[in-house]
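Reading through the structure tokens given below for one structure.
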Protein chains: 2
Amino acid sequence: MNMSADVGDLVQIDLARVRATRGALAASDSVQALADTFSALGDPTRVRILDALSHGELCVCDLAAVLRLSQSAVSHQLRLLRGLRLVRPRRDGRVVFYSLDDQHIMAIFRQTLQHVEEGRKPGAGVREPRTAKRAKADR
Amino acid sequence: MNMSADVGDLVQIDLARVRATRGALAASDSVQALADTFSALGDPTRVRILDALSHGELCVCDLAAVLRLSQSAVSHQLRLLRGLRLVRPRRDGRVVFYSLDDQHIMAIFRQTLQHVEEGRKPGAGVREPRTAKRAKADR
DNA sequence: TGTTCATATGAGCAGTTTCTCATAAATTAT
DNA sequence: ATAATTTATGAGAAACTGCTCATATGAACA
């Protein structure tokens, strides 16, 4: 284990800037919360679930049909999304309807899509066609 | 392999709603792009990198010092973020400075934090303290 | 009460991820 | 050129993810 750049190692580190930046960092609570949430959004299946629900509530059963996934897979994912309050259940008899729990999410989708589109613009040629994530993507 | 709810299985599926919703789903390109991007944001280390860079550009070396990570780890993560055009490199001699490549990201961070805060509000008691993601979180 | 339908959950496998170590590549200075 | 410094990358280990299968739980109805 060699943390390489513990401030103090005599590398060419701009100590002033390092300390200043450190002082301005977000609380680790916030960092963790952000990562948890994005992590939940960082899966095609869950994006599709949220996208589907954005058009209105659906029961687990219909949701599975819409996305052509097994009921079990959908249920597992819903539990995760529920835990992060991204979706909300409403029981009606033996059926459970799910809906988006927070309109922020769709706004975030929109903005993120904007970021993505931004990249496909004429100007700057794409340096690296995103090989890294593609792996997971094409699974 | 039992896709359970292929439309046609005679379960209690609302065929009309299923088909309607299907027609309104986002293109799989967009879904994939969203998932790829969120996936990149869904890791504490990368969130911290972006947060640090949001205060101004930093060379790899300083960034590693700020976050107390190895140079190698930072470099690997930067490659990933670069691939998704979340950060951009600028070479100056043998040093490479990285900066945020898109202001959208900080806006997305802000909105996502809003979502998170929303949950900590007085009203609705937290049903499930986010056990699922905690695992990864506490790694 | 017992059966049926809808949803939830536990276990386990196959594929990914992220880190570390070792080493290559790039750039400046001697 | 050679050495020194900074960044990039490949390989491999340990941990994590998302799916399926099997089964439990919950609600409605005979």
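General remarks:
- In the stretch B:92-102, the residues that are under 18 Å from B:D36 (Cα atoms) and either more than 9 Å from chain A (Cβ to nearest Cβ) or touching a strand residue (DSSP E or B) at 6+ places or on another chain (Cβ under 6 Å) (or both): B:L100, B:D101
- Of the candidates A:R94, A:R120, A:R85, the single residue that is more than 29 Å from B:Q77 (Cα to Cα) and either open to solvent by 10 Å² or more (accessible area, probe 1.4 Å) or at pLDDT 95 or above (or both) is A:R94.
- Hits in the stretch B:20-57 - residues which are more than 7 Å from chain A (Cβ to nearest Cβ) and more than 12 Å from the chain's Cα centre (by Cα): B:A20, B:G23, B:A27, B:S28, B:D29, B:I49, B:L53, B:S54, B:G56, B:E57
- Considering the stretch B:67-91, and only residues there that are in contact (Cβ under 8 Å) with a residue 24 or more places away in the chain and not aliphatic (A, V, I, L, M), the residue that is farthest from the other protein chains (Cβ to nearest Cβ) turns out to be B:R90.
- Screening B:D92 with (1) among the charged types (D, E, K, R); (2) more than 30 Å from A:L69 (Cα to Cα); (3) more than 10 Å from DNA strand C (Cβ to nearest atom) gives one miss only, at (3).
- Of everything listed in (1) modelled with pLDDT under 95; (2) more than 7 Å from chain A (Cβ to nearest Cβ); (3) under 26 Å from A:E57 (Cβ atoms), the single unmet condition for B:M1 is (3).
- Selected residue (criterion: most open to solvent (accessible area, probe 1.4 Å)) from residues of the stretch B:38-68 that are among the hydroxyl-bearing types (S, T, Y) and within 14 Å of DNA strand D (Cβ to nearest atom): B:T45
The values are calculated or read from the model by the stated rules, or taken from the named source; none is laboratory data. Computed from a predicted model, the values in this text were never measured in an experiment. Using ideal geometry, Cβ is built from the backbone for each residue, glycine included, and neighbour counts are taken over all protein chains shown. The accessibility values were calculated without ligands, DNA or RNA, using every heavy atom of the protein model including side chains. Shrake-Rupley method; radii C 1.70, N 1.55, O 1.52, S 1.80 Å.
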